[in-house]
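Visitor: Before anything else, here's the structure in question.
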Amino acid sequence: MTSSRGEKDEGFRETHGRHTTPLPYRKSLRVAVVITILLGMLCPPTRAAEGIGEGDVKAAFVLNFLRFVEWPASAFRSLEDPIVISVLGSDPIAASLASLDGKKVSGRRVVVRKVPVLSALERCNVLFVGASEKAALEPVLGAVQRWSVLTVADFEGFAGRGGTIGFIRQDDRVGFEINEESAKKAGVKINAKLLYLGKSVHGREGGGR
């Protein structure tokens, strides 16, 4: 039986008797646009010709990570509490991370603290593990199990060893690995958009919290 002119075909929207673009396609197109914007924001090129140091690029990544991560309410004592980034040990990008101090994310001020040794570590929201701590990673991850902490580092295998986000190099761009299980163990929720852009890995899930 032939359908009447007034009926709508499945998957299409009718406007003044004419069919427009299929709805599923239009939705996919919007998603693609969002992903393209995120890629441009989170994955800037690291070519030296652009005059931007790799440390500054990675610091920008860290700042953007904060926009796609959700901590439990218990991670903050009040709405005015800052997002505290502790930088443990020494690392080539430590100076660039210090430039994030005073920035604002979701209405909260970012505070960056330099922590020379693990015994001096205090409650924080983000722990950037310096390359100097690579050999002793297990006690470092164990030290933050009592808090909801996003752990980040810039050395190979970090996420696979139980860290949450580890930087990697993808051709001429900075990329990152994400261990979602470690994030869940820490009570930290990572937005699906960030998960889409990162390379998923599995590891020790934060040292057996």
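Visitor: Answer yes or no as to whether E122 is modelled with pLDDT under 95 and either in contact with a strand residue (DSSP E or B) (Cβ under 8 Å, 6 or more places away or on another chain) or crowded, with 21+ Cβ neighbours inside 10 Å (or both).
Guide: On the way: modelled with pLDDT under 95: no; either in contact with a strand residue (DSSP E or B) (Cβ under 8 Å, 6 or more places away or on another chain) or crowded, with 21+ Cβ neighbours inside 10 Å (or both): yes.
Considered against the rule, which asks whether it is modelled with pLDDT under 95 and either in contact with a strand residue (DSSP E or B) (Cβ under 8 Å, 6 or more places away or on another chain) or crowded, with 21+ Cβ neighbours inside 10 Å (or both), E122 comes out as no.
Visitor: Follow-up question, since we're still on this one. When you go through (1) touching a residue at least 40 places away in the same chain (Cβ under 8 Å); (2) more than 19 Å from the chain's Cα centre (by Cα) one by one for D154, which number turns out not to apply?
Guide: With (1) touching a residue at least 40 places away in the same chain (Cβ under 8 Å); (2) more than 19 Å from the chain's Cα centre (by Cα) applied to D154, the lone miss is (2).
Visitor: Also, quick follow-up: Of the conditions (1) farther than 18 Å from F65 by Cβ; (2) in contact with a strand residue (DSSP E or B) (Cβ under 8 Å, 6 or more places away or on another chain); (3) among the acidic types (D, E), E138 satisfies every one except a single condition; which number is it?
Guide: Unmet condition: (2).
The values are calculated or read from the model by the stated rules, or taken from the named source; none is laboratory data. In this text the structure is predicted, and so the values were computed from the model without any measurement. Here Cβ is always computed from backbone atoms with ideal geometry, including for glycine, and neighbour counts include all displayed protein chains.
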